[in-house]
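Below: one structure, written as structure tokens.
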Amino acid sequence: MRRSFACAVAFVSVAMPLGLVAQSTALAPVARTRVVLDSLAKDFAMNGMVPGTAIAVVRGRDTLLFKAYGKANLELGIPMTVTSVFRIGSVTKQFTSSTVMQLVQQGALAVTDTIGQWVPNLPVAWRGVTVAQLLNHTSGIPSYTELGDPWIKRWGEEMTGADIVALTADKPFDFPVGTSWKYNNTGYVLLGMLIEARSGHSWGDDFAERFFTPLGMRSTRYCETRPLIANRASGYSRNEKDEWLNAAYLAMSQPHAAGALCSTIGDLLTWNRALHGGKVVSAASYTSMTTPTGAAEAKHYGSGLGIEMLGTHRVVAHNGGINGFLTSNMYVPDAQLSVTVLTNGDYANPDKIAHQLARAALGVPLEMPPKSVTLSPTVMMTYVAKYDLTLDAPHLFSVYVKDDALCGVMEGQSPAKLIPLGNDTFGVAFDSEVRLIFTMVNGKPTKMTLRQNGKDIDAPVHP
């Protein structure tokens, strides 16, 4: 639920293009592709980084992979199935943006309208933000999921949209409206409140009437905790001892229209085909949703959907992260390729395996992990220290040796083994693009630099 080198942003982080590539299979016949995909999926599922996963890869009329691995419930030993229901976090946002676009098509509002026109009792500074700026995260309104402990301590409380607004109502804007981009869950709560104001229904009931029932998505719903939901998978987190624990409780009214749905791989396949096949919004609305503009252009973000390239293929994607669950969902229009990876653990990054599966299905070279080098115990010990790492807030990052391996852990997060790559540089298994680079002076570290998502963040040695 919080940004770290090991976790996704609360409810989602946008899928970004992969980097390193190496030799892979060329576009193969369906039977051969199925074998490759199953092998990749098994490797992801059986490496101990997820309790269980369900994966769907469908290209045109060909189902290349539709399978579940691992456990839906560790305590009871219940196997994962293809009908298991997962919380999908910010994959919810594309349903929210699709609803807004349908309301625009119906003449109920315009994306140039301000949120203050339709949602009452908002902070004065918020009222002039437009619907379009909420959709593409350029509003500058502070996100409640960035508050850290003041919000985390209240995870157990059921909240209305107004309650969520109140969490950051007195906070300054992150930037002047429309001038920059920052991922923002408060913005999508406001859009949920807008949907309720214009439709006359709760956002969850509106989605069900508008999408789930007509499309036959029988297992997709507002994922409240107390109602019984058939085939619901349990969610898990890892602790500092690298053990699975039941994920921390979060009242599901808090993710709201930013991330409170649950679904299955079958339902999300249905959704992908409908949304990208012109059955949900008009062609003009779809183009608007999938075309980054203004300050969002540099971040390749449309409206509830991220845009990237995989080889020569344009990919429309979004992922989700919420207590106990991480999700990746993507669609490649020119190949009619749908890839969905649902996991019931909030540790491993499903984007990586989703991209690998897409690469194999498209004949794009697979990404290969960097080659590691061997370090002696004496050399490992030279990196051992605590580092002050400031992401959205200051964190203490500890590097230590355990079981003849160098490990790193940020306070409150799960530990990860650091893979030595040479030249004082390390990688991590959960994200092949992450680098930890140590600056050494006279054999001692002075700082560690975290390189992730195109940014370098320096972390000096803690005094």
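The values are calculated or read from the model by the stated rules, or taken from the named source; none is laboratory data. What you are looking at is a predicted structure, and each value in this text was computed from that prediction instead of being measured. Glycine also receives a Cβ, built like all others from the backbone with ideal geometry; neighbour counts cover every protein chain displayed. Protein only, heavy atoms only, side chains kept; ligands, DNA and RNA dropped before computing areas. Shrake-Rupley method; radii C 1.70, N 1.55, O 1.52, S 1.80 Å.
Computed over the stretch 77-144, the convex hull of the alpha-carbon atoms projects to a mean area of 7.2 nm². A simple packing score, the average count of other Cβ atoms within 10 Å per residue, orders the peptides 174-180, 255-261 as 255-261, 174-180, with the highest score first.
Please work out whether the stretch 273-324 counts as rounded, prolate or oblate from its C-alpha gyration tensor, where a ≥ b ≥ c are the square roots of the eigenvalues and a/c under 1.5 means rounded, while otherwise a/b larger than b/c means prolate and anything else oblate?
On the way: a/c = 1.38, a/b = 1.12, b/c = 1.23.
The shape class here is rounded.
Classify the stretch 408-449 as rounded, prolate or oblate from the Cα gyration tensor: take a ≥ b ≥ c as the square roots of its eigenvalues, call it rounded if a/c is under 1.5, otherwise prolate when a/b beats b/c and oblate if not.
Values: a/c = 2.59, a/b = 1.44, b/c = 1.80.
In terms of gyration-tensor shape, oblate.
Atom-type composition of the exposed protein surface of the chain places 54 percent of the accessible area on carbon and sulfur (1.4 angstrom probe). Within the assembled protein chains, the solvent-accessible surface assigned to K444 is about 140 Å², based on a 1.4 Å probe. In sequence order, the stretch 112-118 has phi-based couplings of 7, 4, 8, 5, x, 5, 10 Hz under the Karplus curve 6.51 cos²θ - 1.76 cosθ + 1.60, θ = phi - 60°, and Gly or Pro positions carry x. Solvent-accessible surface of protein heavy atoms, probed at 1.4 angstrom with all chains present, puts M46, M289, M309, M193 in the order M46, M309, M193, M289, largest first. In summary, the aspartates and glutamates within cross-link reach of K455, defined as a Cα separation below 12 angstrom excluding same-chain residues under 8 places away, comprise E433.
Taking each of K241/K417; K386/K417; K67/K279; K42/K67; K371/K417 in turn, the alpha-carbon distance tops 19 angstrom for K67/K279. As a check on your grasp of the helix formula, calculate [θ] at 222 nm for the chain: sum -39500 (n - 2.57) over DSSP H runs of n ≥ 4, divide by the residue count, round to the nearest 500. Taking each H run of at least 4 residues, the total per residue is -6500 deg cm²/dmol. Which of rounded, prolate, oblate describes the stretch 198-352, given a ≥ b ≥ c as roots of the alpha-carbon gyration tensor eigenvalues and a/c under 1.5 marking rounded, otherwise prolate only if a/b is larger than b/c? Verdict is oblate for the stretch 198-352. The accessible-area ordering, largest first, of the residues R238, R314 stands as R314, R238, per a 1.4 angstrom probe. Positive-end ranking of A169, V384, I229 along the dipole of the chain, with charges on Cβ about the Cα centre, is headed by I229. Note on semi-axes √(5λ) of the Cα gyration tensor in Å: of the candidates [x] 34, 27, 21; [y] 40, 23, 20; [z] 39, 26, 21, the value calculated from this structure sits at [x]. In the context of the full set of protein chains, residues of the chain present 41 Å² of accessible surface per residue (probe radius 1.4 Å, heavy atoms only). Packing-based ranking of 54-65, 196-207 yields 54-65, 196-207, ordered from highest to lowest mean Cβ neighbour count within 10 Å. Sorting 135-144, 219-228 by average packing, meaning the other beta carbons within 10 Å per residue, from highest down gives 135-144, 219-228.
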